[in-house]
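Undergrad: I have a structure here, written as structure tokens, and I will follow up with some questions on it.
Please treat every number below as a calculation from the coordinates, not as lab data. Owing to the predicted nature of the structure, the values given are computational and were not obtained by experimental measurement. Note that we place each Cβ from the backbone using ideal geometry, even for glycine, and neighbour counts take in every protein chain shown.
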Amino acid sequence: MIEFYYNFQSHSGLLNASHALFEWGSLFRNAAEQLNRCPRVGSMTNSKVMMESARLESIHYRNCSIPIGGWSRDAKEREIGIENVRNIERMLDSLGTWPFCHVLNMKLEDVIALCSRAKRELRDNNLKLYLPMTLCYGQRPLSG
């Protein structure tokens, strides 16, 4: 199981409440909470419980940071970050539009404007953006 936690972070420390990405994340988490949906379903506690209830063994859990943009000095992370910009651009619209309009009662024009500003910020390598990600996996018991 892999889960992004939609709380944009910055290795440079430059991302703050004045940024559209910060606002998008706050709105997304707020809408999820209003729908009684946990935006952190993949947290360590939840992941372990889900894996154990599925009777998996050798459960492994890890938190990672997935880069957004080409800012990393590591070539592989830079490649992932560059590709991830396109993914996150699509994600902003696809995950945000319905809850922002129908749960938070935002106007569609305002959602489109917010997503447009956020997409511009994704391309600012000075922000050194990343998303926290949870990875949890296990294996079925060996039958014997």
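Undergrad: When residues of segment 65-78 are filtered for being of a type outside the set (Ser, Thr, Tyr) and surrounded by 13 or more Cβ atoms within 10 Å (Cβ to Cβ), how many remain?
TA: Step one: of segment 65-78, the residues of a type outside the set (Ser, Thr, Tyr) are 66-71, 73-78.
After this cut, where a residue has to be surrounded by 13 or more Cβ atoms within 10 Å (Cβ to Cβ) as well, the list is 66-71, 77-78.
Looking only at that region, the number is 8.
Undergrad: Being polar (S, T, N, Q) and not in a helix (DSSP H, G or I) narrows it down to one of 47, 65, 94, so name that one. Let's see the steps before the verdict.
TA: On the way: 47 fails: not in a helix (DSSP H, G or I); 94 fails: not in a helix (DSSP H, G or I).
Result of the check over 47, 65, 94: 65.
Undergrad: Quick one: is residue 59 under 17 Å from the mean Cα position of the chain (by Cα), surrounded by 13 or more Cβ atoms within 10 Å (Cβ to Cβ) and of a type in the set (Val, Ile, Thr)? Break it down into steps so the answer makes sense when it comes.
TA: Details: under 17 Å from the mean Cα position of the chain (by Cα): no; surrounded by 13 or more Cβ atoms within 10 Å (Cβ to Cβ): yes; of a type in the set (Val, Ile, Thr): yes.
So residue 59 does not fit the description; no.
Undergrad: For segment 84-101, which residues satisfy the criterion of being more than 18 Å from residue 130 (Cβ to Cβ), surrounded by 15 or more Cβ atoms within 10 Å (Cβ to Cβ) and hydrophobic (A, V, I, L, M, F, W, C)? Let's see the steps before the verdict.
TA: Residues of segment 84-101 more than 18 Å from residue 130 (Cβ to Cβ): 93-94, 96-101.
Still in the running and surrounded by 15 or more Cβ atoms within 10 Å (Cβ to Cβ): 96-97, 99-101.
Within segment 84-101, 100, 101 meet the criteria.
Undergrad: Could you grab the pairs with beta carbons closer than 6 Å, sequence gap of 6+ or different chains, first residue in segment 84-106 and in contact (Cβ under 8 Å) with a residue 60 or more places away in the chain, second one among the polar types (S, T, N, Q)?
TA: Note: pairs meeting the criteria are 103/34.
Undergrad: Being of a type in the set (D, E, K, R) and closer than 30 Å to residue 50 by Cα narrows it down to one residue among 120, 86, 90, 73; which is it?
TA: On the way: 120 fails: closer than 30 Å to residue 50 by Cα; 86 fails: closer than 30 Å to residue 50 by Cα; 73 fails: closer than 30 Å to residue 50 by Cα.
Just one listed residue meets the conditions, 90.
Undergrad: Can you tell me which residue is farthest from residue 91 (Cα to Cα) among those in segment 110-144 that are assigned to a loop (DSSP other than H, G, I, E, B) and in contact with a strand residue (DSSP E or B) (Cβ under 8 Å, 6 or more places away or on another chain)?
TA: Taking the candidates together, the pick is 141.
Undergrad: While we're on this one: If you go through segment 122-139 one residue at a time, how many are farther than 15 Å from residue 13 by Cβ and of a type in the set (D, E, K, R)?
TA: Step one: list which residues in segment 122-139 are farther than 15 Å from residue 13 by Cβ, which gives 122-123, 131-139.
Among the residues that remain, those that are also of a type in the set (D, E, K, R) are: 123.
Residues in segment 122-139 being farther than 15 Å from residue 13 by Cβ and of a type in the set (D, E, K, R): 1 in total.
Undergrad: Quick test for you: out of 81, 25, pick the one residue that is within 18 Å of residue 133 (Cα to Cα), crowded, with 17+ Cβ neighbours inside 10 Å and in contact with a Pro (Cβ under 6 Å, 6 or more places away or on another chain). Spell out the reasoning first.
TA: Details: 25 fails: in contact with a Pro (Cβ under 6 Å, 6 or more places away or on another chain).
Testing whether each residue is within 18 Å of residue 133 (Cα to Cα), crowded, with 17+ Cβ neighbours inside 10 Å and in contact with a Pro (Cβ under 6 Å, 6 or more places away or on another chain) leaves just 81.
Undergrad: Moving on. Which condition number in (1) loosely packed, with under 14 Cβ neighbours inside 10 Å; (2) among the hydroxyl-bearing types (Ser, Thr, Tyr); (3) in a helix (DSSP H, G or I) is the one that residue 18 fails?
TA: For residue 18, the exception is condition (3).
Undergrad: What are the residues in segment 42-56 that are exposed (fewer than 12 other Cβ atoms within 10 Å of the Cβ) and either touching a residue at least 24 places away in the same chain (Cβ under 8 Å) or over 20 Å from residue 6 (Cβ atoms) (or both), if any? Full working, then the answer.
TA: First, pick out the residues of segment 42-56 that are exposed (fewer than 12 other Cβ atoms within 10 Å of the Cβ): 45, 49, 53-55.
Passing the criteria: 49, 53, 54, 55.
Undergrad: Looking at segment 102-113, can you tell me whether even one residue there is surrounded by 13 or more Cβ atoms within 10 Å (Cβ to Cβ) and of a type outside the set (A, V, I, L, M, F, W, C)?
TA: Within segment 102-113, none of the residues are surrounded by 13 or more Cβ atoms within 10 Å (Cβ to Cβ) and of a type outside the set (A, V, I, L, M, F, W, C).
Undergrad: Here are some conditions: (1) within 15 Å of the chain's Cα centre (by Cα); (2) over 20 Å from residue 1 (Cα atoms). Residue 101 meets all but one. Which one does it not meet?
TA: (1)
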